[in-house]
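Working notes for the structure below.
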Amino acid sequence: MQEIKRTLDQIRSVLDRGDILTDAKDISGRVAWPGIGETCQAAAVVRPVTTEEVSAVIRICHEAEQPVVTHGGRTGLVGAIRCKPNEIVLSMERMNRIEEIDELGRTMTVQAGVPLQVVQETAEKHGLLFPLDMGARGSCHIGGNVVTNAGGNRVIRYGMTRELVLGLEAVLADGSVVSSMNRMIKNNAGYDLKQVFIGSEGTLGVVTRVVLKLSEQPKSQNAALVAIPSADKLTKFLKHVDVGLGGTLSAFEVMWNDFYRIVTTPPAKSSPPLSQDHAFYVLVESMGGNQKRDDERFEEVLGEAIEAELVEDAVIAKSSSEYHGLWSIRDDVEQLMHLKPLFVFDVSLPIAAMADYVDGMRAKLREQWPESKLVVFGHMGDGNLHVTVSAGKSNAETRKAVEQIVYAPLAEVGGSVSAEHGIGLEKKPYLHLSRGPEEIAMMHTLKRALDPKGLLNPGKVIDVATAND
């Protein structure tokens, strides 16, 4: 601890005293998303304001061989921000400025600590859209979205975060700064270095500033909640609306019956707009260019689905409040906390394999824990399911057994153990199910090249010792 104290004294020489927290009470409350995070054990929390300050802090830590864990909005679910007593937290919370908006070029330049919702609202004020969206929009930071390659609700149309970043700036493990603040959609001049840091979970560098790609604000928005009777009709309905809406489909959020019941039954705030006895529920959203014409097309497409008996029942949002009311049902994931103890997963797999995958999980869980609960929902349109399991216990043995049931079948269908949450610590033992040995070897090569001392978010994604062998 004496070495950490000397390192903090050096950091105080480049930061204001108020930017460094060392009191245990100030540190311990910095846990991950509600109810499932562990107490933060870091020796200190350092809160820089500029890239230059981040660079100075990282350089000092590099020279002292001091491990650093970067924190954003702390909404992660895979243990990527977990800290040990010998580690220092580098919090991006004060790097929260929007630096520039280019309306013609449709870009926004921001610091990494800007909350996603602030980015969304700022873009909207300028008649533009930043389409990345998720339930944690008010808490998560854009830097965290970048380093986890976040997905969310509108990937089916706009892609993952990777498709929404034109350029970025990052501080490397030795404190040097790589500033690749490209603003062009087309730039084939050599390697696209920003891709190294997108999805790296803070293990290869600290992202400090980002150039975001914006779109024109849509002039129409339509949404409906529909009830689907079976899995085969669910996939047919996806195909039907994707074709029928002519490229304007922006979200296709599926809720299995278990999830819908939880988020529309007290103490949940929402009441069920459709009865609770259907097999599946879909929140379908379209964004277009003419409200009147798009209203007609949206209703026509849903009407055709009803006539084809793909849809059993539907309710269309007729106002802004009804639109947000439908989304509030899908976003009310905190209701799952009533199932504690629980295990939370996000996976991706071919759409055609989803129903059998869920049915297989449910059977295996009930075979081992007859009273277990399985709740499934997710961004089915882009192959992503969120899985919550309550098996009655939360010990390590139960967790490992549940993980085997959730993850093992994915290898057979070419799925992934992580669709959008990342690997962190929780999924590291299962990385080999989704990445081949050559891919993992290349990850080690990158880690050795960019962080040879293993100081940046150590132990996350890949094993640091293995990377340095």
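Here, each number is a calculation from the coordinates, and none is a lab measurement. Remember, it's a predicted structure, so these values are computed and weren't measured experimentally. Backbone-built Cβ (ideal geometry, glycine too); neighbour counts: all protein chains shown.
Overview of values
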item: Tail beyond 24 Å, pair distance distribution of segment 2-91 (Cα, percent); result: 15
item: Protection-proxy order for peptides 74-87, 120-133, each taking the mean of Cβ atoms within 10 Å per residue, highest first; result: 74-87, 120-133
item: Cα centroid of segment 163-190 to Cα centroid of segment 105-158, whole Å; result: 18
item: Added length on full extension, which subtracts the Cα-Cα distance from 0.36 nm per residue, A441 to S275; result: 54.7 nm
item: Helix 291-307 axis, angle to the chain major axis (alpha carbon atoms, nearest 10°); result: 60
item: Estimated FRET transfer efficiency when R0 is 35 angstrom, pair Q2-Q404 (beta carbons, to 0.05); result: 0.20
item: Size of electric dipole in the chain: Cβ of Lys, Arg +1 and of Asp, Glu -1, about Cα centre, debye, nearest 20; result: 960
item: For segment 98-216, diffusion coefficient by Stokes-Einstein and Kirkwood Rh (Cα), 25 °C, 0.890 mPa s, µm²/s; result: 174
item: Ordering of 247-257, 135-145 by packing [mean C-beta count within 10 Å, highest first]; result: 135-145, 247-257
item: Whole-percent pair-distance distribution, where bins are 20 Å wide, for the alpha carbons of the chain; result: 23, 55, 21, 1
item: Lys/Arg +1, Asp/Glu -1 at C-beta; the chain dipole; positive extreme among N86, G246, P272; result: N86
item: Kirkwood Rh in Å, taken over segment 321-367 so that all alpha-carbon pairs contribute; result: 13.4
item: Nearest-ten-degree value, helix 437-450 long axis tilted from longest Cα axis of the chain; result: 40
item: Of the chymotrypsin sites (Phe, Trp or Tyr not before Pro) in segment 185-251, those whose Cβ has at most 10 other Cβ within 10 Å and which sit in DSSP loop; result: Y191
item: Unit charges at the beta carbon, dipole of the chain: most positive-side option, I27, G325, L336; result: I27
item: Cα Rg, Dmax (largest Cα-Cα span) when computed across segment 220-333, Å; result: 13.3, 39
item: Selection of GluC sites (Glu not before Pro), segment 331-380, meeting DSSP coil and at most 13 other Cβ within 10 Å; result: E371
item: Residue-averaged 222 nm ellipticity for the chain, from DSSP H runs of 4+ at -39500 (n - 2.57), nearest 500; result: -9500 deg cm²/dmol
item: Dipole moment magnitude, nearest 20 debye, segment 2-91 about Cα centre, only Lys, Arg, Asp, Glu C-beta charged; result: 220
item: Dipole moment magnitude, nearest 20 debye, segment 336-467 about Cα centre, only Lys, Arg, Asp, Glu C-beta charged; result: 460
item: Distribution of pairwise C-alpha distances over segment 340-433, 10 Å bins, in %; result: 16, 55, 28, 1
item: Angle between the chain longest axis and helix 2-12 axis [Cα atoms, degrees, rounded to 10]; result: 80
item: Relative contact order (%) - criterion: Cα under 8 Å, at least six apart; region: the chain; result: 15
